[in-house]
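Read the structure below first, then the notes.
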Amino acid sequence: MFTGITGYGLRRIAVLTATVTLAGGCGHGDSSATGGDPTGGASASSPTTSASGPEVGAIRSVPEPPTTPAESTPEVATTTPERTTPPPRTPDAGPRGVWEGTATIVVNYYAPCGSGFDWIHLGAQTYRQPVQVAAEDPVGGEDNDLRLSVSSARQTTEGGFTMVSSGRFHTTSGPLTLTYWDLRVDGTTISGTLTDSHKAEGVVQNLLYSNQTLDPCSDRLGGMLKALGMDTGARLSGRLGDRSGSLVVRGRSIDTSRGFELRLDLDRAG
């Protein structure tokens, strides 16, 4: 029993002796090669480092230089370049006021009295009566520089008439503006064209009053007085000055039975 233990102990001593011998031959007492103590003895608790690699010293930490925050570029306010061209000229809005005077009304009569019921000219009549012209600010929705209205003093007579450049009406959908005349104004000079009679809407406002009979070929002046709508294409031209004015209107009725020429000689009344 003791002999077995002794043998196990001898073998352990032999292994230890071989380990010490190998360590002493490689390092010649250098502790850095084996990780042992300065005498060349092995340390069982120290890890073994590789003898072939270079010794690596401690790494020195170099502080990074302080960083300077980037300078922010201030925003540059946007500037509007100076105008090099003058602004467009604002058109003259035209005169405002009331003019009164005399209207000379020439009415030409037409009827289908020719061969094959062709329309022919039956003749003309001239009438005179007082007239008033008003030039006001345009109503909302009217594409004109002013609102022009012209009317004879006695409308319900042969040759009487009334004209207006626009009208404002109240409907179930709200206020409605209808423009009849396209007016062009340059200082005191006025010209225009009747562009829409608004017959389709049933609100014809530019009217010539004339008697009509059932047989115009035999009696062109008799019959019942009717208000005949002025047809599109009628023209207006003239001027409304500080002291006086004059206008000329030419056109035909919608039913083509009447042609007319209105000459207005005016003095400023207000």
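Among the residues of segment 116-168, which ones are basic (K, R) and part of a strand (DSSP E or B)?
Correct list: R128, R147, R168.
Conditions tested, residue by residue: (1) within 16 Å of R250 (Cα to Cα); (2) in contact (Cβ under 8 Å) with a residue 60 or more places away in the chain; (3) buried (at least 18 other Cβ atoms within 10 Å of the Cβ).
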position: L122; (1), (2), (3): no, yes, no
position: T126; (1), (2), (3): yes, no, no
position: Q129; (1), (2), (3): no, no, no
position: A134; (1), (2), (3): no, no, yes
position: G140; (1), (2), (3): no, no, no
position: T156; (1), (2), (3): no, yes, no
position: F169; (1), (2), (3): no, no, no
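Kindly state which strands (runs of 3 or more DSSP E) lie completely within segment 210-260 and contain at least 3 residues that are more than 30 Å from G187 (Cα to Cα) and in contact with a strand residue (DSSP E or B) (Cβ under 9 Å, 6 or more places away or on another chain).
Result: 224-229.
Name the residues in segment 171-180 that are buried (at least 17 other Cβ atoms within 10 Å of the Cβ) and of a type in the set (S, T, Y), would you?
If the condition is that a residue be buried (at least 17 other Cβ atoms within 10 Å of the Cβ) and of a type in the set (S, T, Y), then T179, Y180 are the ones that fit.
Of the residues L214, L194, L183, only one is surrounded by fewer than 14 Cβ atoms within 10 Å (Cβ to Cβ) and either at pLDDT 95 or above or over 16 Å from V131 (Cβ atoms) (or both); which?
L214
The values are calculated or read from the model by the stated rules, or taken from the named source; none is laboratory data. Treat the numbers as computed from the prediction; the structure is a model and nothing was measured. Note that we place each Cβ from the backbone using ideal geometry, even for glycine, and neighbour counts take in every protein chain shown.
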